[in-house]
Amino acid sequence: MLGVVDLPPSLTRIVLPFGQCYAWRDGDEVTLVDTGPPGSGEAVAAALAGLGLDRDAVVRIVLTHHHIDHSGSTAEIRAWNDAQVVAHASDAAVVRGEVAPPPFDLLPAEQQLWDSLGADDSLSPPSLVDVEVTGDEVLPFGRGARVVHGPGHTPGSIALHLPGPRVLFTGDTVAENGGAVILGPFNLDRQQALGSFHRLTALDVDVALFGHGEPVDGAGLRAAVPGPFAG
Ligand SMILES: [Zn+2]
Ligand SMILES: [Zn+2]
């Protein structure tokens with residue numbers, strides 16, 4: 001079993017009815033990592049209120065990838081205070097609603113999970129993307145958040161590595177499920193995703209945060225195995 005991980009005081013995990021997103025606080029400014037499915041705005045605002053922050057505090061939204069459970073409330077939250085939306089260049093057109101997301105090629109285990117979740121591959125409400133990244137940029141939050149391009153889950157999937165506080169946001173390339181840290185399901189290019197999974201799980205951090213599942217510590221991340229969705 002994985003132990004409970006203490007999150008840095010600057011970090012708030014916002015658990016949503018499906019999935020989750022994260023708020024990173026630098027003083028009075030908040031960076032959101034993902035925005036949850038459509039309709040998550042009020043849950044995010046309530047989490048910020050719990051920190052004594054107004055919704056206007058959101059200055060930046062970084063999308064780990066275009067899937068609707070991660071980008072679905074971007075347009076809604078961006079409208080609060082013109083937050084800057086950051087996404088990888090290879091996912092930006094889907095976030096903007098210019099092109100449909102590519103179709104999945106699911107393993108039987110993924111199809112079963114997909115059906116049990118009643119999952120949805122429809123488009124998110126379109127949002128502007130203000131900044132397109134390609135990898136290795138350092139974003140100005142969390143004492144410098146390095147963009148790590150980890151394609152495969154989607155072409156433009158990114159992780160965020162914060163060397164200062166030793167934190168990693170993996171998006172869906174890595175997931176926690178029942179105490180195991182595994183390759184997340186529903187990858188558009190499974191082999192490419194597996195390569196990204198190995199690169200991310202080799203990073204030296206104290207806290208790893210996933211698109212789905214509980215946070216783990218560095219030992220938990222290093223114990224990652226590809227798991228049932230690696231094919
Ligand atoms: Zn995803
Ligand atoms: Zn997801």
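Nothing in this text is a laboratory measurement; each read-out follows from the coordinates by a stated rule. Note that the coordinates shown come from a computational prediction; the quantities given were computed from them, not determined experimentally. No Cβ is skipped: glycine too gets one built from the backbone with ideal geometry, and neighbour counts run over all protein chains shown.
Things to note:
- Residue selected from region 173-182 under the condition within 16 Å of the chain's Cα centre (by Cα) and away from ligand 2 (no atom under 13 Å from the Cβ), by the criterion surrounded by the fewest Cβ atoms within 10 Å (Cβ to Cβ): ILE182
- The strands (runs of 3 or more DSSP E) located wholly in region 54-141 that include 2 or more residues which are in contact (Cβ under 8 Å) with a residue 60 or more places away in the chain occupy 58-62, 84-88.
- Put simply, of LEU106, LEU63 the only residue that is buried (at least 19 other Cβ atoms within 10 Å of the Cβ) and not β-branched (Val, Ile, Thr) is LEU63.
- When region 68-91 is limited to residues that are within 16 Å of ligand 1 (Cβ to nearest atom) and out of contact with any helix residue (DSSP H, G or I) (no Cβ under 9 Å at 6 or more places or on another chain), the one that is nearest to GLY135 (Cα to Cα) turns out to be HIS88.
- Qualifying residue in region 10-20 (condition: within 16 Å of ligand 1 (Cβ to nearest atom), of a type in the set (Ser, Thr, Tyr) and outside any helix (DSSP H, G or I)): no
- Near pairs, Cβ below 6 angstrom, 6+ apart or cross-chain, from region 156-171 (over 16 Å from ASP69 (Cβ atoms) and away from ligand 2 (no atom under 14 Å from the Cβ)) to any residue that is outside any loop (DSSP other than H, G, I, E, B) and among the basic types (Lys, Arg): HIS161/ARG146
- The residues on offer are ASP120, ASP105, and the sole one that is more than 14 Å from ligand 2 (Cβ to nearest atom) and acidic (Asp, Glu) is ASP105.
- Checking VAL15 against (1) farther than 22 Å from ASN177 by Cβ; (2) free of Cβ contacts under 8 Å to residues at least 24 places away in the same chain, the condition it does not meet: (1)
- Number of positions in region 42-53 that are farther than 26 Å from SER90 by Cβ, of a type outside the set (Asp, Glu) and assigned to a helix (DSSP H, G or I): 7
- For region 194-212, the candidate set comprises residues that are more than 12 Å from THR173 (Cα to Cα) and without any contact (Cβ under 8 Å) to a residue 40 or more places away in the chain; within that set, the residue that is nearest to ligand 1 (Cβ to nearest atom) is ALA202.
- Out of VAL131, VAL138, sole residue that is among the β-branched types (Val, Ile, Thr), under 21 Å from HIS66 (Cβ atoms) and out of contact with any His (no Cβ under 8 Å at 6 or more places or on another chain): VAL131
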